[in-house]
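Visitor: Have a look at the structure that comes next, please.
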Amino acid sequence: MIAIIDYDAGNLKSVEKAFAYLGEPSVITRDRNEILHADKVILPGVGAYGDAMNQLCKYEMDKVVHEVVEMNKPLLGICLGLQLFFEGSEENQGVEGLGLLKGKVVRFSDAYGLKIPQIGWNSLKLMNNGRLFKGISDGDYVYFVHSYYLKAEDESIVKATCEYGDLVHASVEQGNLFACQFHPEKSSRVGLQILKNFATLGEGEEA
């Protein structure tokens, strides 16, 4: 069972529908025991960084996320969920993130004349053998909606990048932590393969 954390700031139903399409059982929940007993956990997210952290703390889901990490349970952050894994964001300076990984979340530069936010399809450059990207080809397209992007401190955890004027660290992986800036649940065949790879982590391998 895959637990999708509900904290009133996530793109929940489309994630649930994607797993249903794949035949993978999932549940939308903010029940601590249900999350901790799940095989894998997803932290989705849309909206503003500060609002999302406030909601996480309101429901004490920040504590539950740290418990999930301590249990070495596979945890996937999607879109804003990826950004929340880090210490903070330029979007709401002074708001502390979950601090699970080190890096900066910064706003796209206006220097390139591109529309901000980035909304739409962009191609990925794959690297460092990400487990989420089995069966995915370099240059495959996924769907983004964001005005802020990640610059990870340790580039060895970066498994995919894209370019939108600036170089975006589009996916990271470290131990049991996985995260995508893009929306796999809205990324057609490629996104479904990524979610399938997450759902089947640990089958025949150490997660």
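Visitor: Count charges around Ala160 for me, please; just the other residues with Cβ under 10 Å from its Cβ, Lys/Arg as +1, Asp/Glu as -1.
Guide: It works out to a net charge of -1.
Visitor: By per-residue mean of other Cβ atoms within 10 Å, what is the highest-first order of 87-93, 73-79?
Guide: 73-79, 87-93
Visitor: Also: Mark the label point 7 Å from the Cα of Val46 along Cα→Cβ and return the residues of the range 153-195 whose backbone N is within less than 16 Å of it.
Guide: 181-188
Visitor: For Glu67 paired with Tyr21, estimate the spin-label separation in nm (one decimal), with each label point 7 Å from Cα along the Cα-to-Cβ line.
Guide: According to this spin-label approximation, the distance is 3.2 nm.
Visitor: If you don't mind, there's one more thing I want to ask. Could you tell me whether the range 121-182 comes out rounded, prolate or oblate from its Cα gyration tensor? Rule is a ≥ b ≥ c as square roots of the eigenvalues, rounded for a/c under 1.5, then prolate if a/b exceeds b/c, otherwise oblate.
Guide: Oblate, since a/c reaches 1.5 and b/c is not below a/b.
Visitor: Test of understanding: express the Cα radius of gyration of the chain as a ratio to 2.2 N^0.38 Å, with N the residue count.
Guide: Against the compact-globule rule of thumb, the ratio is 0.93.
Visitor: Based on the Cα coordinates of the range 1-109, what is the per residue volume of their convex hull in Å³?
Guide: In the range 1-109, the Cα hull volume divided by residue count equals 97 Å³.
Visitor: Place a point 7 Å from the Cα of Ile28 along the Cα-to-Cβ direction; which residues of the range 77-91 have their backbone N under 16 Å from it?
Guide: Within reach of a label on Ile28: 78.
Visitor: What does the C-alpha gyration tensor say about the overall shape of the range 91-207? Classify as rounded when a/c is under 1.5, otherwise prolate if a/b is larger than b/c, or oblate.
Guide: Judged from the Cα gyration tensor, the range 91-207 comes out oblate (a/c at least 1.5, b/c at or above a/b).
Visitor: Go ahead and run the numbers for FRET between Lys115 and Ser188, Cβ-Cβ distance against an R0 of 30 Å, rounding to 0.05.
Guide: Once the sixth-power term is evaluated, E becomes 0.85.
Visitor: OK, next. Run the accessible area of the chain with a 1.4 Å probe and give the carbon-and-sulfur part as a rounded percent.
Guide: Carbon and sulfur: 45 percent of the exposed surface of the chain.
The values are calculated or read from the model by the stated rules, or taken from the named source; none is laboratory data. Not measured: the values here are computed from a predicted model. Glycine also receives a Cβ, built like all others from the backbone with ideal geometry; neighbour counts cover every protein chain displayed. For accessibility, only protein heavy atoms count, side chains too; no ligands or nucleic acids. Shrake-Rupley method; radii C 1.70, N 1.55, O 1.52, S 1.80 Å.
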